[in-house]
Amino acid sequence: MYVPLYRKWRSQNFDEIVGQEFIVQTLRNAIKINRVSHAYLFSGPRGTGKTSTARIFAKALNCAKGPTPSPCGTCDLCVKIKNGHAVDVIEIDAASNRGIDEIRDLREKVRYAPVEGRYKVYIIDEVHMLTPEAFNALLKTLEEPPVHVVFVLATTEPQKVPVTISSRCQRHDFRRLSNPEIVGQMKKIANAEGVKLEDDAASLIARNCEGSMRDAISLFDQLISFCGKTVRHDDVVAILGTANADLIFEFGSALGRGNIGGLFDLINRMVSEGRSIPQVT
């Protein structure tokens, strides 16, 4: 069964997390010296590793060899967490479970001890989507959580999380990934998948994904479907609808000469080829 590349290449341990070294070091050290907080707030742009880090943290806390900063990935609990089958790791999408009833249900269940592991880990994605009433219901649990529970709240919009909630969490801000970091990871994936990825194609993918590793890998996956085992710069241009270098130089030359007719011809060509005008601009 086909598995999309962004799922196949999701980070499975702290060493595989790209570009978030300070956060990884903090979490690892917290486990080493037994200073694990009861609640964490992971904030940052989409596709930068928030949910993956939360799952790896859950593995580290519940691994058969742990708690350990280097979960084995092979024990029963690590495998269950990887596959999303662990009963003690509960992932909640706050965008579709945002009401007070869902949080009341969470409050009822949170007091029960873990079934398989040491900790129950609640990962609440897009937590800023909760209603004010739901945040108020969650507040009491965050103030006095059971010792066996760890909350990881993930959000792309931390400014929408009430201060009463964020002040009770240890906050970690995930940064946008740099273009070289994205290119390096895509090259690694391309080599493993037996795909030739040209350097200028990888650079163009990275520039258009605005620091999101997930977006870059998803686009790369689409390009492999489009052009097979060799991904070239022109293929990326065709998929994105951007301007290639020749078109940009033609445009600059027409501007320099004041050739208004030539500029309109170029614009007409872009439109007729279906290129994205904002991307070209």
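The values are calculated or read from the model by the stated rules, or taken from the named source; none is laboratory data. From a predicted model like this one, the values you see are computed outputs, not experimental measurements. Cβ: placed from backbone, ideal geometry, glycine included. Neighbour counts: every protein chain shown. Quick note on the areas: whole protein, heavy atoms, side chains included, nothing else; ligands and nucleic acids left out. Shrake-Rupley method; radii C 1.70, N 1.55, O 1.52, S 1.80 Å.
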**Prompt:** For segment 20-36, what are the residues that are under 22 Å from the mean Cα position of the chain (by Cα) and open to solvent by less than 100 Å² (accessible area, probe 1.4 Å)?
**Reply:** Gln20, Ile23, Val24, Thr26, Leu27, Arg28
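If you check Arg168 against the conditions, is it within 19 Å of Gly84 (Cα to Cα), charged (D, E, K, R) and at pLDDT below 95?
Details: within 19 Å of Gly84 (Cα to Cα): no; charged (D, E, K, R): yes; at pLDDT below 95: yes.
No, not satisfied.
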**Prompt:** So which of Phe251, Phe226, Phe264 is under 30 Å from Glu16 (Cβ atoms), out of contact with any Cys (no Cβ under 9 Å at 6 or more places or on another chain) and either of a type in the set (A, V, I, L, M, F, W, C) or open to solvent by less than 30 Å² (accessible area, probe 1.4 Å) (or both)?
**Reply:** Phe226
**Fill in**
Of those in segment 42-51 that are small (Gly, Ala, Ser) and over 16 Å from Ile182 (Cα atoms), the residue surrounded by the fewest Cβ atoms within 10 Å (Cβ to Cβ) is Gly44
**Complete:** Among Asn97, Asn83, the single one that is surrounded by fewer than 16 Cβ atoms within 10 Å (Cβ to Cβ) and either under 21 Å from the mean Cα position of the chain (by Cα) or under 20 Å from Gln170 (Cα atoms) (or both) is Asn83
**Prompt:** Mind checking whether some residue in segment 29-41 is more than 17 Å from Arg176 (Cα to Cα), touching a Leu at 6+ places or on another chain (Cβ under 8 Å) and in a helix (DSSP H, G or I)?
**Reply:** yes
**Request:** Would you check which residues across segment 1-16 are modelled with pLDDT under 95 and open to solvent by less than 20 Å² (accessible area, probe 1.4 Å) and list them?
**Result:** Leu5
**Within segment 95-137, considering residues that are among the small types (Gly, Ala, Ser) and in contact with a helix residue (DSSP H, G or I) (Cβ under 9 Å, 6 or more places away or on another chain), the one modelled with the highest pLDDT** = Ala134
**Prompt:** What about Asp173, is it at pLDDT below 95 and not basic (Lys, Arg)?
**Reply:** no
**Request:** Could you please let me know if Phe226 is out of contact with any Leu (no Cβ under 9 Å at 6 or more places or on another chain), modelled with pLDDT of 85 or more and among the aromatic types (Phe, Trp, Tyr)?
**Result:** yes
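Being open to solvent by 20 Å² or more (accessible area, probe 1.4 Å) and either within 30 Å of Gly228 (Cα to Cα) or of a type in the set (Val, Ile, Thr) (or both) is true for just one of Arg176, Arg171, Arg111. Which residue is that? So that I can check it myself, show each step before the final result.
On the way: Arg171 fails: either within 30 Å of Gly228 (Cα to Cα) or of a type in the set (Val, Ile, Thr) (or both); Arg111 fails: either within 30 Å of Gly228 (Cα to Cα) or of a type in the set (Val, Ile, Thr) (or both).
Exactly one of Arg176, Arg171, Arg111 is open to solvent by 20 Å² or more (accessible area, probe 1.4 Å) and either within 30 Å of Gly228 (Cα to Cα) or of a type in the set (Val, Ile, Thr) (or both), namely Arg176.
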**Asked** So which pairs qualify, if the first residue must be in segment 1-13 and under 16 Å from Gly73 (Cβ atoms), the second must be part of a loop (DSSP other than H, G, I, E, B) and of a type outside the set (Ser, Thr, Tyr), the Cβ gap must be under 6 Å, and the two must be at least 6 apart or on different chains?
**Response** Ser11/Ile17; Gln12/Gly73
**Message:** If Ala254 satisfies all but one of (1) part of a helix (DSSP H, G or I); (2) under 30 Å from Thr48 (Cα atoms), what's the number of the condition it fails?
**Reply:** (2)
**Request:** Run Ile103 past the list (1) open to solvent by less than 50 Å² (accessible area, probe 1.4 Å); (2) assigned to a strand (DSSP E or B) and report the number of the one that doesn't hold.
**Result:** (2)
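Based on what the data block shows, is Ile31 out of contact with any strand residue (DSSP E or B) (no Cβ under 7 Å at 6 or more places or on another chain) and under 30 Å from Ala190 (Cα atoms)? Talk me through it step by step, then tell me what you get.
Numbers: out of contact with any strand residue (DSSP E or B) (no Cβ under 7 Å at 6 or more places or on another chain): yes; under 30 Å from Ala190 (Cα atoms): no.
No; evaluated as a whole, the condition is false for this residue.
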**Prompt:** What number goes with the only condition from (1) within 21 Å of Lys8 (Cα to Cα); (2) open to solvent by 60 Å² or more (accessible area, probe 1.4 Å) that Gly73 does not pass?
**Reply:** (2)
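Condition first: farther than 14 Å from Glu126 by Cα and touching a residue at least 12 places away in the same chain (Cβ under 8 Å). Now tell me which residues in segment 85-102 satisfy that. Write out each step before concluding.
Looking only at segment 85-102, we keep the residues that are farther than 14 Å from Glu126 by Cα, and these are 85-90, 100-102.
Ala86, Val87, Asp88, Val89, Ile90, Ile100, Glu102 - these are the residues of segment 85-102 that are farther than 14 Å from Glu126 by Cα and touching a residue at least 12 places away in the same chain (Cβ under 8 Å).
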**Prompt:** Does at least one position in segment 213-220 carry a residue that is open to solvent by less than 10 Å² (accessible area, probe 1.4 Å), within 21 Å of Val18 (Cβ to Cβ) and polar (S, T, N, Q)?
**Reply:** no
